[in-house]
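The values are calculated or read from the model by the stated rules, or taken from the named source; none is laboratory data. Here the structure is a predicted model, which means the values were calculated and not measured. All Cβ positions, even for glycine, are placed from backbone atoms using ideal geometry, and neighbour counts span all protein chains on display. Surface accessibility is based on the protein's heavy atoms, side chains included, excluding ligands, DNA and RNA. Shrake-Rupley method; radii C 1.70, N 1.55, O 1.52, S 1.80 Å.
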Amino acid sequence: QVQLVESGGGLVQSGGSLRLSCTASGRRFSVAVMGWHRQAPGKQRELVAFIASGGGTNFADSVKGRFSISGDITRNTVSLEMNSLKPEDTAVYYCYTISEGTTYWGQGTQVTVSS
């Protein structure tokens with residue numbers, strides 16, 4: 001079994017910054033990616049960013065230039081640095097990892113950006 005634990009959410013003013021961290025525990029094989037999705041009230045969950053096993057990264061268009069992702073998925077850690085935050089970034093942010101075709105999710109951490 002794989003467990004993911006997120007930390008670092010909170011309340012910030014528009015234009016501010018937050019850093020989210022995620023640590024995975026449990027046995028994993030052939031880890032493909034580790035990253036973040038988010039879900040705002042009344043909206044579908046959407047991809048924010050991920051880092052792949054080879055080090056490549058991918059970002060949603062809405063966060064490009066403002067968010068960065070770092071970490072070493074072979075060492076079970078990933079972080080999301082969020083800058084120039086906007087009220088529309090308000091959501092529950094979920095860490096995830098894909099291992100041998102199975103997606104595992106964290107419990108989520110709330111990010112609220114006030115205008």
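Mind checking segment 1-94 for GluC sites (Glu not before Pro) that DSSP puts in a loop (not H, G, I, E or B) and that have at most 11 other Cβ atoms within 10 Å? Sparse-neighbourhood loop GluC sites (Glu not before Pro): none present. The Rg/Rh ratio for the chain, using Cα coordinates for both the radius of gyration and the Kirkwood hydrodynamic radius, is 0.96. At an R0 of 22 angstrom, the distance between the Cβ atoms of R19 and S53 translates into a FRET efficiency of 0.45.
Only protein heavy atoms count here; on that basis, with a 1.4 Å probe, W105 has an accessible area of about 100 Å². Label reach from S70 (point 7 Å along Cα→C-beta): in segment 1-30, amide nitrogens under 15 Å belong to 18-22. Label positions at S84 and A32, each projected 7 Å from the Cα along the C-beta direction, are separated by 3.1 nm.
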